[in-house]
Amino acid sequence: MRILVAAADDTLADYLRTAGHKAKTLYVNDLATRAAREFKADVIIYQTTVTATINHEDVIKELHDNGFRMVLIADPNDHLVIYVLALGIKDLLLFPLDPATILHRIENPATVDEVARQVRKKNAHELATKNKIAKEDKKNHLLLWFKRGEKNNHDDDEDLSKIPTLITPTLKVNTRKRKLAGNIDNADSLSGSFNGQVGLIDYSKNLIIVTGDKETEIYDHIIKTKKPTVAIDAYSGRIACKLGVEPNSMWEHDWRIGLAALPATVGKKVELYCNPIEQDIPDWEVRDVRAMVDIINSAIEKKKQVIIIAEEGLAEMLYNHQSIVQERS
C-alpha cells in the first residue's frame, strides 16, 4: 500500500516501511494534495503535528474532495475531530497511540460502530476530566470560603466598625424615605421595603443597594446597562439564575469569599457575583459584610458602578456600616 504521511518527522513512515508498505513523509501541509497525486497515495495519514502553513481544515477538505482516503491523528480535544466527522471521515485516531494501532487502522478502515464507540469513549474521558477539575476547584473554593475571615486577621466577633471603610464619596438620600437604626443621613442609593416604606432606584449613583422584590427591574437594568458594572446578587441567587448562571457553578462566583471569587460575565460590561441558591436565609456574619466591602472598594477604585440586591437583614448590616449610614446626632 502506498502511504503518504503528513507528520513532523520520519518515525511513522520508517515503521510503515518495515511493515512492508511504501511510505513517504510530507513535512509541510501546503503541498499535500499535489504530493498525494504525484505519489499516487492509497491512503494519507494526516497528523496535526505536521507543519501547517495552511489551515488544517482547508487541507483536509481539499484532500477529501479529491477522493483521497485519510486517517486523521489528533489530540482528543482538538476541534478537528468534530470537523472530520462532519466531512464523513471515519478513520480517526487520537493521541497518545502506538504505531501498531495506526497500522491496524490503515489495513482495516473504521466502521460507523467503531467511530461511535471511539467518540463515546472520548466524551467520557472529557467529562471525567472536567468533573475532576470541577471537584478540585470546588475543594479549593471551600478552603477559601472557610478562610475568608483571615485576610485582615479579624476575629469573627468583631464589630462592624472594624470593617475597612468603603471608599465611596459622601452621598445624600432623602431621610424621610426610611428609618433603620437611626435616621439615614447618607447612603448612595437605597431601595426596597423597610418598615413598609418603598424607595426608588437612582441608577445615576455609583453604589446602589436594593432590597425587597426588585428582581425584574434589576434584571432589565443589568442586561441593558452600558456602564462598567459589578452586580452582587445576595438574594438567594435568583437574579443570577435569570441571567443564565448555572446553579451548579454559582459557588465559583460566591461573593462571600471576597476578591478570591471569580465573577461571572454578563454581556460586555457586567461582572456578577452571587451566592448559591439556598432554601433558608443564611445567618449573615460580619465577615460576610467584610467580603462584600472588599469587592465594592475594588470595583469603585476601578470606576465601576456597584449594584447590590440583598436580603433585608444583610442590607441592614450594610446600611449600618459607618461609611454608608451615619446616624444623625
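The values are calculated or read from the model by the stated rules, or taken from the named source; none is laboratory data. What you see is a predicted model; the values in this text were computed from it and never measured. No Cβ is skipped: glycine too gets one built from the backbone with ideal geometry, and neighbour counts run over all protein chains shown.
List of remarks:
- Cβ-Cβ under 9 Å pairs, at least 6 apart or on other chains, region 97-120 side modelled with pLDDT under 90, far side part of a helix (DSSP H, G or I) and aliphatic (A, V, I, L, M): Val115/Leu85; Val119/Val81; Val119/Leu85
- Residues located in region 243-271, provided they are closer than 21 Å to Ala315 by Cα and in contact with an Asp or Glu (Cβ under 7 Å, 6 or more places away or on another chain): Arg256, Gly258, Leu259, Ala261, Pro263
- Applying the criterion of being at pLDDT 95 or above and assigned to a loop (DSSP other than H, G, I, E, B) to the residues of region 36-65, the residue that is surrounded by the most Cβ atoms within 10 Å (Cβ to Cβ) is Ala41.
- Pairs meeting the criteria (first residue in region 303-314 and assigned to a helix (DSSP H, G or I), second residue modelled with pLDDT of 80 or more and β-branched (Val, Ile, Thr), beta carbons under 9 Å, at least 6 apart or on different chains) are Leu314/Val289; Leu314/Ile308.
- The residue of region 253-270 that is farthest from the chain's Cα centre (by Cα), among those that are surrounded by fewer than 20 Cβ atoms within 10 Å (Cβ to Cβ) and within 21 Å of Arg290 (Cα to Cα), is Leu259.
- Condition check for Lys242: touching a helix residue (DSSP H, G or I) at 6+ places or on another chain (Cβ under 7 Å), at pLDDT 80 or above and surrounded by fewer than 19 Cβ atoms within 10 Å (Cβ to Cβ): yes
- Applying the set (1) surrounded by 16 or more Cβ atoms within 10 Å (Cβ to Cβ); (2) of a type in the set (A, V, I, L, M); (3) without any contact (Cβ under 8 Å) to a residue 24 or more places away in the chain to Val81 leaves exactly one unmet item: (3).
- Residue count for region 204-230, restricted to those that are in contact (Cβ under 8 Å) with a residue 24 or more places away in the chain and not aliphatic (A, V, I, L, M): 13
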